[in-house]
Amino acid sequence: MGSALGLAAILRAAGKEPRVIVPNEYPSFLQWMKGSDEVLIYEEHVPECEELIANADLIFHLDYNALQRSGSLEHLLVDVSAKRVMIDHHQQPENFADIMYSDSSMSSTSEMVFHLAEALGYREWLSKDAAEALYTGIITDTGNFRFSSTTPETHRVASALLSMGVESQIVAAKVYDSNRPERLHLLARMLQKMEVLKNYNTIILSLNEQDLNDFDFQKGETEGFVNYGLSVEGIELSIFLYPSHDKVKMSFRSKTNFDVNVLARTHFNGGGHVNAAGGVSHESVDQNIIRIKNVLPHYADKLRGE
């Protein structure tokens, strides 16, 4: 959302008429960004979204590199007349766009949007609102500059955005310090169920349907839960699972050189980055935990750093 709202603000300032369309509702802790009130959620505005996509001159695909990652929008995006531009930092992109700006060494798509604006000579159209959105995308994708994807260039871009009036403490408060009490109760439940697999330097974190119902779960409230596993000394791999509609979503995080992108792509219908990836399954949470435990022995040496 940071890259989408940031790019939309830049294009609007340059005299264009951008619209941001997402497949479904996104977390409330991101809805403070300027332009959020104009975002079209496809599931709620089907006819309008279909008309906009059909009549668009140019379509930007931001922060995903395969059409199947566009969720319920995929069937509309398979065959469009508009030119396409893909901007993304995940590994192994599919070749579906007319212009592909793909760089897995980048910290975030938001950082890439900033570089695009510079390359096009659009720096003058970078308002404080656009800068706030891009900065938000950078800090959330880098875990507040903790992940290995953070580079000197990432800090240069962040510095440039701060110089445009972004107040880092205010952005951080809006993103991280707006929790409902129910989210903290849900976090406590997950930590109570934490399973440490010392032989594989791995922690498995999970929530089931009952857990989510007990604390009136709202979309986005498990964001960042997977990172708690990495805060444990000696842990190399943290895995978090929870049910979402008719499937189970999984998040994988690693500290050093263990490639969770390979793990997710090979076994859990997912992918991402070396240290951060996701997966999905139509089996239950418990069945997937069993699958994980059966898979880990094949990676034992790497997880132990041997």
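Which distance in nm do the two modelled labels at Gln192 and Ala14 give, with both placed 7 Å along the Cα-to-Cβ direction?
5.2 nm
Using packing as a proxy for protection, rank 131-138, 69-76, 293-300, 82-89 so that the peptide with the highest average count of other Cβ atoms within 10 Å comes first.
Details: 131-138: 27.6, 69-76: 15.5, 293-300: 14.0, 82-89: 19.6.
In decreasing order of mean packing, 131-138, 69-76, 293-300, 82-89 become 131-138, 82-89, 69-76, 293-300.
Tell me, what is the percent relative contact order of segment 181-303, built from C-alpha pairs under 8 Å that lie six or more residues apart?
For segment 181-303, the relative contact order is 20 percent.
Give the calculated FRET efficiency between Asp216 and Ser178 to the nearest 0.05, with a Förster radius of 25 Å applied to their Cβ-Cβ distance.
Efficiency, from the Cβ-Cβ distance: 0.95.
Where a Cα-Cα gap under 20 Å defines reach, which lysines qualify for Lys174, not counting those fewer than 8 residues away within the same chain?
Those lysines meeting the cut-off are Lys34, Lys128, Lys219.
Under the Kirkwood approximation for Rh and a Cα-based Rg, what ratio Rg/Rh is obtained for segment 181-303?
Using Cα coordinates only, the ratio equals 0.94.
Pull up all non-local amide H partners of Glu25: gap of 5 or more, or a different chain, and H-to-H distance under 5 Å with H placed in the peptide plane.
Here nothing satisfies the definition.
Taking N as the number of residues in segment 1-134, what is its alpha-carbon radius of gyration divided by 2.2 N^0.38 Å?
0.99
In whole percent, what relative contact order does the chain give with Cα contacts below 8 Å and a gap of six or more residues?
Relative contact order of the chain: 13 percent.
Which lysines does Lys302 reach when only Cα atoms under 23 Å apart count, and residues fewer than 8 places away in its own chain are ignored?
Lys198, Lys255, Lys293
Reachable aspartates and glutamates from Lys249, Cα under 16 Å, same-chain residues fewer than 8 places away excluded?
Of all the aspartates and glutamates, those that pass the test against Lys249 - Cα under 16 Å, at least 8 places apart if same chain - are Glu209, Asp211, Glu221, Glu223, Glu283, Asp286.
Write out the GluC sites (Glu not before Pro) in segment 5-47 meeting two conditions: DSSP loop, and at most 10 other Cβ atoms within 10 Å of their Cβ.
On the way: sites: Glu25, Glu38, Glu43, Glu44; in loops: Glu25, Glu43, Glu44.
Answer in residue order: Glu44.
How much length is gained on full extension from Asn95 to Asn24, taking 0.36 nm per residue of separation minus their Cα-Cα distance?
So the chain would gain 23.1 nm between Asn95 and Asn24.
About the Cα centre of the chain, what is the dipole size in debye to 20, counting +1 per Lys and Arg Cβ and -1 per Asp and Glu Cβ, all else neutral?
900 debye
Quick one: divide the alpha-carbon radius of gyration of segment 93-168 by 2.2 N^0.38 Å and tell me what you get.
Details: Rg = 12.6 Å, N = 76, 2.2 N^0.38 = 11.4 Å.
Here the Cα radius of gyration is 1.10 times the empirical estimate.
Return the sequence-ordered ³J(HN,Hα) values of segment 211-227 in whole Hz as given by the Karplus equation 6.51 cos²θ - 1.76 cosθ + 1.60 applied to θ = phi - 60°, using x for Gly and Pro.
Rounded to whole hertz, the list is 4, 5, 5, 4, 10, 6, 3, 10, 3, x, 6, 9, 4, x, 4, 4, 5.
So how do Trp32, Trp125 line up by other beta-carbon neighbours within 10 Å, fewest first? Could the numbers behind the result be given before it?
Details: Trp32 14, Trp125 17.
Neighbour counts put them in this order, fewest first: Trp32, Trp125.
Determine by what factor the alpha-carbon radius of gyration of the chain differs from 2.2 N^0.38 Å, reporting the quotient. Spell out each step's value before the answer.
Working: Rg = 19.6 Å, N = 306, 2.2 N^0.38 = 19.4 Å.
Dividing the Cα radius of gyration by 2.2 N^0.38 Å gives 1.01.
Which length gain, in nm to one decimal place, applies between Lys293 and His45 when the Cα-Cα distance is subtracted from 0.36 nm times their residue separation?
Working: separation 248, 0.36 × 248 = 89.28 nm, distance 4.21 nm.
Stretched out fully, the Lys293 to His45 stretch lengthens by 85.1 nm.
Looking at segment 64-112 from every direction and averaging, what is the projected area of its Cα convex hull in nm²?
Approximately 3.5 nm², given one-decimal rounding.
Using mean Cβ contacts within 10 Å as the protection proxy, how do 55-66, 258-269 order, highest first?
On the way: 55-66: 17.7, 258-269: 20.0.
Peptide ranking by packing, descending: 258-269, 55-66.
Amide H of Gln91: which non-local residues (sequence gap of 5 or more, or other chain) have their own amide H closer than 5 Å, using H built in the peptide plane?
Correct list: Gly272.
Quick check: residue separation of Glu74 and Ser36 times 0.36 nm, minus the Cα distance between them. What number comes out in nm? Walk me through the intermediate numbers first.
On the way: separation 38, 0.36 × 38 = 13.68 nm, distance 2.20 nm.
Result for the pair: 11.5 nm of gain on full extension.
May I ask you to sort Ser149, Ser251 by Cβ crowding, counting other Cβ atoms within 10 Å and putting the fewest first?
If I rank by nearby Cβ atoms, fewest first, I get Ser149, Ser251.
Here, each number is a calculation from the coordinates, and none is a lab measurement. Fair warning: this is a prediction, and the values are worked out from it, not measured in the lab. Every residue, glycine among them, receives a Cβ derived from its backbone with ideal geometry; neighbour counts consider all protein chains shown.
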